[in-house]
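All remarks here apply to the structure that follows.
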Amino acid sequence: MSYEPPLQGTKRPDLMKAVKYIEEIYSEKKERSLNEFIRMSGVEDFDPLIEDDIARLFSVLVTLTRPKRILEIGTSIGFSTTILAKAMEEWGGRVISLEIDAEVAKNAIANFKREGVKDSIDVVIGNADETIRDFEDDSFDIVFQDSSKRLYPVMLDECLRVLKPGGLLLVDDTLFPVINPKEEWTDSDEAIHRFNKRLLERSVISTILPIGEGCTIAVKL
Ligand SMILES: C[S@@+](CC[C@H](N)C(=O)[O-])C[C@H]1O[C@@H](n2cnc3c(N)ncnc32)[C@H](O)[C@@H]1O
């Protein structure tokens, strides 16, 4: 079915104006921001991290659902891992984070120590497409996919396998195909588009939020 605009008149905010407004409002809250985290880590070469609006969304979702175990796929220097672990501090939840690059993982672990969350995080080094197979069915309350975009469609069924019914699948960067200013999609755009379509065929309730570079939230039925 092709897109039909709503029959009622709906005003939509200009997204960049909305982001600036939201960040200004939230700058008054003393939360660890992405920029602060990057500065404090002292590392310059790393894969992109979740934006502050996604970090806030994750804190809300974790507080709402009180997960005991979260699986993160793609650690980088550990900003999202830190946000998830801090949100679970009150009831002692754990984050298991999968990362292929051992050097990057070392930087992440140094950041976890500085942020006081090291004891609630396990980093598993290796190709997530393989290491995820070590986890049991229905063993996580939340799975957060943020690794190589090529892996999104490939790993979808494994992500759903390890997720409990009623659990949340969170996926970053799912609006890549509409952010790319070029006419032709990159391999990452193609992979994400395949993922977005494939998710609709699975037993989930889902949506894509236009925050960060697009964030999918799906509940496993
Ligand atoms: C976008 S970054 C993750 C950012 C992090 N989640 C954050 O927001 O703080 C993606 C990470 O996935 C890792 N990665 C890429 N392919 C992977 C694979 N096959 N298995 C595990 N990790 C992978 C990269 O090395 C990189 O550190």
Residue hits (the stretch 163-188; assigned to a helix (DSSP H, G or I) and under 20 Å from L49 (Cβ atoms)) are F176, I179, S188
Failed item in (1) within 18 Å of the chain's Cα centre (by Cα); (2) closer than 19 Å to V219 by Cα, with D137 passing the rest
(1)
Among the residues of the stretch 156-170, are any within 21 Å of L61 (Cβ to Cβ), modelled with pLDDT of 95 or more and near the ligand (Cβ under 9 Å from one of its atoms)?
no
Considering only the stretch 171-185, state which residues are within 15 Å of the ligand (Cβ to nearest atom) and either in contact with a Lys or Arg (Cβ under 8 Å, 6 or more places away or on another chain) or not charged (D, E, K, R) (or both).
V171, D173, T174, L175, F176, I179
If you go through the stretch 33-44 one residue at a time, do you hit one that is part of a loop (DSSP other than H, G, I, E, B), of a type in the set (A, V, I, L, M) and either away from the ligand (no atom under 13 Å from the Cβ) or modelled with pLDDT under 95 (or both)?
yes
Testing L49 on (1) farther than 22 Å from V154 by Cβ; (2) part of a helix (DSSP H, G or I); (3) within 14 Å of the ligand (Cβ to nearest atom), one condition comes back false. Which one is that?
(2)
Could you check, for the stretch 151-162, whether at least one of its residues is crowded, with 21+ Cβ neighbours inside 10 Å and in a loop (DSSP other than H, G, I, E, B)?
no
Out of V95, V143, V104, V123, sole residue that is more than 12 Å from the ligand (Cβ to nearest atom) and either in a loop (DSSP other than H, G, I, E, B) or buried (at least 18 other Cβ atoms within 10 Å of the Cβ) (or both):
V143
Within the stretch 141-158, the count of residues that are within 13 Å of the chain's Cα centre (by Cα) and hydrophobic (A, V, I, L, M, F, W, C) comes to 3
Please specify each residue of the stretch 64-92 satisfying the condition of being surrounded by 21 or more Cβ atoms within 10 Å (Cβ to Cβ), at negative phi and outside any helix (DSSP H, G or I).
P67, I70, L71, E72, I73, T75, I77, M88
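The values are calculated or read from the model by the stated rules, or taken from the named source; none is laboratory data. Keep in mind that what you see is a predicted model, and the values were worked out from it rather than measured. Quick reminder, even Gly has a Cβ in these numbers, built from the backbone with ideal geometry, and neighbours come from all protein chains shown.
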